[in-house]
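Written out below as structure tokens is the structure these notes cover.
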Amino acid sequence: MRLPAKLTCLLLLLSTATSFAQQPVSTLIEQKASAILPKLIEWRRYLHEHPELSNREYKTAEYVATHLKALGLEVQTGVAKTGIVAILRGGKPGPVVALRADMDALPVQERVNIPFKSTVMADYLGQTVPVMHACGHDSHVAMLMGTAEVLAGMKKDVPGIVKFFFQPAEEGPPGNEEGGAPLMVKEGVMDNPKVDAVFGMHIESDIEVGKFEYKPGAFMASSDWFTIKVKGKQSHGSQPWKGIDPIVVSTEIISTLQTIVSRQSELTKAPVVITVGKFHSGVRPNIIPEEAVLEGTIRTLDSKMQQETHERIRKVATTVAEAMGATAEVTIDTKTLVTYNEPELVKMMVPSLETAAGKSNVTEREWVTGAEDFSYFGTKAPSFFIYIGGMPKGTDKSKAPPHHTPDFYIDDSRLDLGVKGFCQLVFDYAKLKAGGDNKTNTKKGF
């Protein structure tokens, strides 16, 4: 029997709707994330062309907040100075999951010849400097904006609550200002409602697009900044025996600091890096100055080794100076903790990354001596920080321009993978937590 045309159309529509409803969540995420890829690229390139320094991300925050409010999210601005926290309350019961992106750029002059190249200049500690997104934070913001859009479009199916952290000052606040993840945590972003798990991603210039890399446990190093002030005795350059040369003393300190790494640290346990990046002394070539100042960083991946390194730096600086008739004053400021990926959480969630990227595109890696203040979120809830590829396919990894350099370059053609990964983590974490399969409340042991 032949059905009336209107009834046939109605049945066809019902069939299509039922088929759509029965699609796996991963399929819907794939479709929605792929569909907004042009937007992701547009957002990222706009942000790249208009970078802002740490704690000065005013226009970036306004750009992001406008988008989030249009999605109907609960949006709080002015968090940790210029940060944003947005809340999506899903249509189904579930945990509270936080997703984080950092927003700040660096005082670097861009050399890459691209249509959206940065020509921005800004004030940094009293100097006018060029500004560039030389670490990929523009990509992070675009991916999280896209994640918010996809999840808002699936709101009735989203389990629990999703908190979106758009963080300022990951590169470190200027001068003596507070900022970054420590200030966000201090202001309570991990509470009200309390976060059950927090995830973050960082795009990498030497990992091929379409790939994720991760490591359970200690993943990225702590970062401590040190200052050593060496006090000598001023004299005429022609009569060094009448003074105590702080420059010569400082060079001995710099050389001896490296023996902490090469002769005193158990490097088979975890790496240690000590770098002096700044050395200032004197005003004229014919005057032996009274003082020299050294500044540098310490990178460690083990908390005990971190404290031992601090003690050894103090001992080296003071004893070398004393042996040469000078004095040395050492101050050490901890900027970030070890970025620690809770092993049980990693074990739970790696399959989510494999769903998003394909199993062959998800790889466990070695630890990294770079640092991330994402580590502070991990003091309040189990955390998982993931690397995502931004290197063009076919590029020689050894020739990929490093982060924080004028030639830094990211291929933004697969930013949708970050959106897929974030969305998959939200749904899968809720499912696993509801099933009682998680053991993410274990004590950290790094």
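The values are calculated or read from the model by the stated rules, or taken from the named source; none is laboratory data. Since the model is a prediction, treat every value here as computed from it, not as a measurement. Note that we place each Cβ from the backbone using ideal geometry, even for glycine, and neighbour counts take in every protein chain shown. Surface accessibility is based on the protein's heavy atoms, side chains included, excluding ligands, DNA and RNA. Shrake-Rupley method; radii C 1.70, N 1.55, O 1.52, S 1.80 Å.
Descriptive notes on the structure:
- Just so you know, the Cα atoms of the stretch 78-227 work out to an Rg and Dmax of 17.3, 53 Å.
- The aspartates and glutamates whose alpha-carbon is closer than 18 Å to the alpha-carbon of LYS39, local same-chain residues fewer than 8 away aside, are GLU30, GLU49, GLU62, ASP138, GLU149, ASP411, ASP412, ASP416.
- Taking every Cα-Cα distance in the stretch 210-264 and sorting them into 5 Å bins from zero, the calculated P(r) comes out as 4, 12, 14, 15, 12, 10, 9, 7, 5, 4, 3, 3, 1 percent.
- Rg over Rh [alpha-carbon atoms, Kirkwood Rh] for the stretch 183-247: 1.35
- For Cα Rg over 2.2 N^0.38 Å, calculated from these coordinates, the label among (1) 1.14; (2) 0.95; (3) 1.03: (1)
- Of the residues THR318, PRO107, THR77, the one whose Cα sits farthest toward the positive end of the charge dipole of the chain, with +1 on the Cβ of Lys and Arg and -1 on the Cβ of Asp and Glu, is THR77.
- Of the listed residues TRP367, TRP43, TRP225, the order by accessible area with a 1.4 Å probe, largest first, is TRP225, TRP367, TRP43.
- Unsatisfied cross-links (Cα-Cα over 20 Å) in the set LYS155/LYS380; LYS163/LYS347; LYS69/LYS163; LYS92/LYS359; LYS186/LYS278; LYS215/LYS347: LYS155/LYS380; LYS163/LYS347; LYS92/LYS359; LYS186/LYS278
- Here the peptides 369-377, 261-269, 305-313, 156-164 are ranked by packing, the mean other Cβ count within 10 Å, and the order with the highest first is 369-377, 156-164, 305-313, 261-269.
- Per residue accessible area in Å² of the chain, where ligands, DNA and RNA are left out and the probe is 1.4 Å: 46
- Spatial extent of the stretch 165-323: Rg and Dmax, with the Cα atoms as the point set, Å: 20.9, 68
- Positive minus negative residues near SER139 (Lys, Arg vs Asp, Glu; Cβ under 12 Å): -3
- Within the chain, helix-based [θ] at 222 nm, where runs of 4 or more DSSP H residues each add -39,500 (n - 2.57), nearest 500: -10500 deg cm²/dmol
- Of the solvent-accessible surface of the chain, computed with a 1.4 Å probe over protein heavy atoms with every protein chain present, carbon and sulfur atoms account for 52 percent.
- Options VAL362, SER375, PHE408, ranked by Cα towards positive dipole end of the stretch 350-429, top entry (Cβ charges): VAL362
- Against the empirical 2.2 N^0.38 Å (N residues), the stretch 369-432 has a Cα radius of gyration ratio of 1.42.
- Sequence-ordered 3J(HN,Hα) estimates for the stretch 321-330 from the Karplus curve with 6.51, -1.76 and 1.60 and θ = phi - 60° stand at 4, 4, 4, 10, x, 10, 10, 9, 10, 10 Hz, glycine and proline given as x.
- Solution diffusion estimate, µm²/s, Stokes-Einstein, the stretch 291-384, Kirkwood Rh from C-alpha pairs, 20 °C, viscosity 1.002 mPa s: 129
- Cα centroid separation, the stretch 59-132 to the stretch 300-356 (Å): 28
- From the alpha carbon centroid of the stretch 259-276 to that of the stretch 231-253 is 29 Å.
- On Cα atoms only, tilt of 58-70 relative to the major axis of the chain in degrees: 20
- Scoring 246-259, 321-334 by mean Cβ neighbours within 10 Å over their residues and listing the highest first yields 246-259, 321-334.
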